[in-house]
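The values are calculated or read from the model by the stated rules, or taken from the named source; none is laboratory data. Predicted, not measured: the structure shown is a model, and the values here were computed from it. FYI the Cβ positions are ideal-geometry reconstructions off the backbone, even for glycines, and counts take in every protein chain you see. We work out accessible area using only protein heavy atoms, side chains counted, and drop any ligands, DNA or RNA first. Shrake-Rupley method; radii C 1.70, N 1.55, O 1.52, S 1.80 Å.
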Amino acid sequence: MARTALAVDGGPPLRRRAYPDWPEPGPDDLDRVQAVLTSQDWGGSASVVASFEQLFAQYHDAAHGVAVSSGTMALELVMHALEIGLGDEVIVPAHSFVATATAVSRVGATPVFVDIEADTYNLDPVRVAEAVSPSTKAILAVHFGGVVADMDRLQGIAEQHDVDLLEDAAHAHGAEWHGTRAGGLGLAAAFSFQNSKAMTAGEGGILTTSDERLAAKARSITNAGRLPGRGWFEHFELGTNLRMTGLQAAILAGQLERLQDQILLRRRRFQRFQRRLQSVQGIELQRTPRGASTQTRYIVPGRIDPRMFGTTRDQFVQAVQAEGVPVRSFYPHPLYSNPVFQGRPHRVLTCAVAEGACLDSFWLPMRLFMGTDEDAADAARAIEKVHAWHKPAQGPTNGSP
Ligand SMILES: *Cc1c(COP(=O)(O)O)cnc(C)c1O
């Protein structure tokens, strides 16, 4: 059978068209922003901020939302509002964006880095149970790529040890666990609206919780320590200014309206992509546990078994990229290897899976699954093409059953 050479070896790339851009403005975004611009309230007290907080929280099965300037600030706000600080430990996964761990450090507490599960890329509950100490105050679970962490088992551990279960839901707008959305699964959650996230206003974040006192405290901290109904120059908490602007909230209100359709689109595209790849030996995509009833496929991580697939992870990434599909290598190192944690209080448990993922894992961006079926199929075709060139000879060629 004649085969075209791989693009990485000088052959023609399988695909030359770009994948859909992100972020993607909505049809009425300009009107929404215009409405804020022509009001005299562009800042945090714009009515669109409060209405967005309500809509977002309600959609995410939480009673309250406190909109802030970034996901990083939402995480730090969770820590402040819970009065987590010096001497306290918070369990975090060894792989995440750095803010998951620095939010803990920045309030003076100690991040405890725990291994992930090889197949879901989420916190491993077995390792979490081993990591709990008398100083543990909270478990901060990341829902990697939009597949919710095992909240049943994590909640069980949290209850057993009387610690709080918190969510870093920066990847998980609209994701569900047994039908309840991220943001309503722990005591509090932090979402990000940074430029690359599945809902974005360029920057932004929100804390969600159903705990009324926690919400009130978070809101006060966000707003210079003020309290509702009290004076502008009366300050009750050691607050700061984390307020989201009306301009951000206007854009996010439009994004929220489109989120559900975008999730369904990604899920449909991803399902076919995944089915197609089932016949390719040596590539394994993130497993979806049964509880993760809605997965948002914000990022799809996966791993290459070089013996079975025929290339190393790095060769795979290079070759698939050359075919015109924007796959990327996984994190280059676990969070705790970043210089910021040297000489700073932290604890690391054995993280063999997290270390291994740096070498054998990759991720696919959501843009692959936001175009046509053919766009998603091209991603699968590129992977099949690379595999076809490299796959190791298959066992005995005759006499096999
Ligand atoms: C993006 C992200 C954050 C931080 O959000 P920003 O809005 O960029 O500050 C935190 N945690 C995770 C897992 C993220 O992906």
> Which net charge results for the neighbourhood of residue 236, defined as the other residues with beta-carbon distances under 10 angstrom from its beta-carbon, given Lys and Arg at +1 and Asp and Glu at -1?
Replying inline: +1
> For the chain, which whole-number percentage of the solvent-accessible area (1.4 Å probe, protein heavy atoms only) is attributable to carbon and sulfur atoms?
Replying inline: 51
> Expressed in nm to one decimal, what extension gain is obtained for the pair residue 22 and residue 86 from 0.36 nm per residue of sequence separation less their Cα-Cα distance?
Replying inline: 19.1 nm
> In whole angstrom, how far apart do the alpha carbon centroids of segment 275-352 and segment 1-52 sit?
Replying inline: 24
> Going by the alpha-carbon gyration tensor, a ≥ b ≥ c the square roots of its eigenvalues, is segment 131-269 rounded (a/c under 1.5) or, if a/c is not under 1.5, prolate (a/b greater than b/c) versus oblate?
Replying inline: oblate
> Once every DSSP H run of n ≥ 4 in the chain is given -39500 (n - 2.57) and the sum is divided by its residues, what mean residue ellipticity at 222 nm do you get, rounded to the nearest 500 deg cm²/dmol?
Replying inline: -11000 deg cm²/dmol
> Using the beta-carbon distance between residue 234 and residue 321 and R0 = 41 Å, what value does 1/(1 + (r/R0)^6) give for FRET efficiency, to the nearest 0.05?
Replying inline: 0.15
> By how many nm would the segment from residue 42 to residue 126 lengthen if fully extended, with 0.36 nm per residue of separation less the alpha-carbon distance?
Replying inline: 25.5 nm
> In whole Hz, what ³J(HN,Hα) sequence does segment 292-299 give by Karplus (6.51, -1.76, 1.60; θ = phi - 60°), x for Gly and Pro?
Replying inline: 6, 6, 10, 10, 9, 6, 5, 9
> Between 204, 87, 145, which gets the highest mean-square fluctuation from a Gaussian network model of the chain, Cα cutoff 10 Å?
Replying inline: 87
> Equivalent-ellipsoid semi-axes (√(5λ), Cα gyration tensor) for segment 126-199, whole Å, largest first?
Replying inline: 23, 12, 10
> Could you give the Stokes-Einstein D for segment 257-356 in µm² per second, using the C-alpha Kirkwood radius, 4 °C, 1.567 mPa s?
Replying inline: 79
> For residue 58 and residue 133 in the same chain, what is the full-extension length gain: residue separation times 0.36 nm, less their Cα-Cα distance, in nm?
Replying inline: 23.6 nm
> Which three extents, in whole angstrom, do the alpha-carbon atoms of segment 1-152 cover along their principal axes, largest first?
Replying inline: 64, 54, 27
> So what is the relative contact order for segment 25-131, in percent, with contacts set as C-alpha pairs under 8 Å and at least six apart?
Replying inline: 17
>> Run the simple label-point estimate for residue 271 and residue 350 please: 7 Å along Cα→C-beta, distance reported in nm.
In response: 4.0
> Is the shape of segment 338-395 rounded, prolate or oblate, going by the alpha carbon gyration tensor and its root eigenvalues a ≥ b ≥ c, with a/c under 1.5 for rounded and a/b larger than b/c for prolate?
Replying inline: oblate
> With the other protein chains left in place, how much accessible area per residue, in square angstrom, belongs to segment 14-116 at a 1.4 angstrom probe?
Replying inline: 44
> Just for segment 90-187, what percent of DSSP beta bridges are antiparallel, to the closest 5?
Replying inline: 20
> In whole Å and largest first, what semi-axes does the C-alpha gyration tensor of the chain yield when each eigenvalue is scaled by 5 and square-rooted?
Replying inline: 39, 26, 17
> So what is the accessible area of segment 243-401 per residue, in Å², with the probe set to 1.4 Å?
Replying inline: 47
>> Using Cα springs under 10 Å in a Gaussian network model of the chain, which residue among 100, 311, 372 shows the largest mean-square fluctuation?
In response: 372
> Amide H of residue 120: which non-local residues (sequence gap of 5 or more, or other chain) have their own amide H closer than 5 Å, using H built in the peptide plane?
Replying inline: 287
